[in-house]
1. Among the candidates ALA118, ALA185, which residue alone is open to solvent by less than 100 Å² (accessible area, probe 1.4 Å) and under 30 Å from LEU92 (Cα atoms)?
2. Criterion first (in contact with a Phe, Trp or Tyr (Cβ under 9 Å, 6 or more places away or on another chain), without any contact (Cβ under 8 Å) to a residue 60 or more places away in the chain, open to solvent by less than 50 Å² (accessible area, probe 1.4 Å) and under 22 Å from LEU130 (Cβ atoms)) does GLN74 satisfy it?
3. If ARG5 satisfies all but one of (1) open to solvent by less than 70 Å² (accessible area, probe 1.4 Å); (2) modelled with pLDDT under 95, what's the number of the condition it fails?
4. Quick check on my filter: what residues within the stretch 49-58 are open to solvent by 80 Å² or more (accessible area, probe 1.4 Å) and either part of a loop (DSSP other than H, G, I, E, B) or at pLDDT below 85 (or both)?
5. If we keep just the residues of the stretch 123-139 that are open to solvent by 60 Å² or more (accessible area, probe 1.4 Å) and free of Cβ contacts under 8 Å to residues at least 24 places away in the same chain, which is farthest from GLY90 (Cα to Cα)?
6. Restricting attention to the stretch 17-48, which residues are surrounded by 15 or more Cβ atoms within 10 Å (Cβ to Cβ), more than 19 Å from the chain's Cα centre (by Cα) and not in a loop (DSSP other than H, G, I, E, B)?
Amino acid sequence: MVQKRRISDLIILSIRILLALIFISYGTGKLSGGQFGNLTEKELATPIKDLSLFKIAWYLFDHQPFKIFIGVSQIIASLMLLYNRTMIIGALMLAPIVLNILVIDLTIMPYGLKLAFAFRLTGYLCYIGLLLFYYKNQLTPVWETVSNIKPMRSENQKAISYLLVILFIPALELAPGVLKIIYFAVTHPQSFWNGIKALF
C-alpha cells in the first residue's frame, strides 16, 4: 500500500503539473494570438456603448505590451512550478496572476461564464494555497526574516538626520523625469534643442 505521505506528495506534484499545463497553455495562447481580440468588423464598427464589457476588455487586452507581459508572466510562473528549487517562487508569482484574472472575469464576463470561471479560478487559488501550506516549513524561515526587519534608526543616529527625507522625496520623484529628458535629447536631438530654444 502506498504510504499516506507518498499520496500527499503525489497530489502536490499533480497540482504543480496541472497548474503549469493550464497556465503555459494560457500564456502561449496570448503569445500566439489565440486569446484576446477576436472582434468582428461589425463589432469594431459598433459604438462602444453598445458593446459588452467583455468585448471591450477583450479588445483592449489584445494590445502590446500588455498581452505579451501577461503571457510571458504566466509561462515563467508555470515553468517555475515544475522545478523543485523554484516551485515556491512560481506559486507566489502565480497567485496574484490568478487572482487578477478572477477579478477581471467577475467584472466583465456574462453571468454564465462568470459563474464557471469563478469556481474554476477559485479552485486554482485553493490549489496554490494548498501547495504553499504543504511547504510551510520551508516558507517559515523566509517569513521570519522578512517580518523581523530591524528599525532603520541606529542609536548613534540623530533624529534630525531624518529631515534629509524631505530632500530625498522630491529628488526621487524628479529622477525619472530627468531620465526622460536625457532619453528625449538622445533620441530626438533636433526636437529637444528646438524645445530648449523656445523656452528663451
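1. The match here is ALA118.
2. Yes.
3. Here ARG5 meets the rest and fails (1).
4. LYS49, ASP50
5. So, considering only residues that are open to solvent by 60 Å² or more (accessible area, probe 1.4 Å) and free of Cβ contacts under 8 Å to residues at least 24 places away in the same chain, the one farthest from GLY90 (Cα to Cα) is ASN137.
6. Across the stretch 17-48, the qualifying residue is only GLU43.
The values are calculated or read from the model by the stated rules, or taken from the named source; none is laboratory data. Computed from a predicted model, the values in this text were never measured in an experiment. Every residue, glycine among them, receives a Cβ derived from its backbone with ideal geometry; neighbour counts consider all protein chains shown. Accessible surface areas use protein heavy atoms only, side chains included; no ligands, DNA or RNA. Shrake-Rupley method; radii C 1.70, N 1.55, O 1.52, S 1.80 Å.
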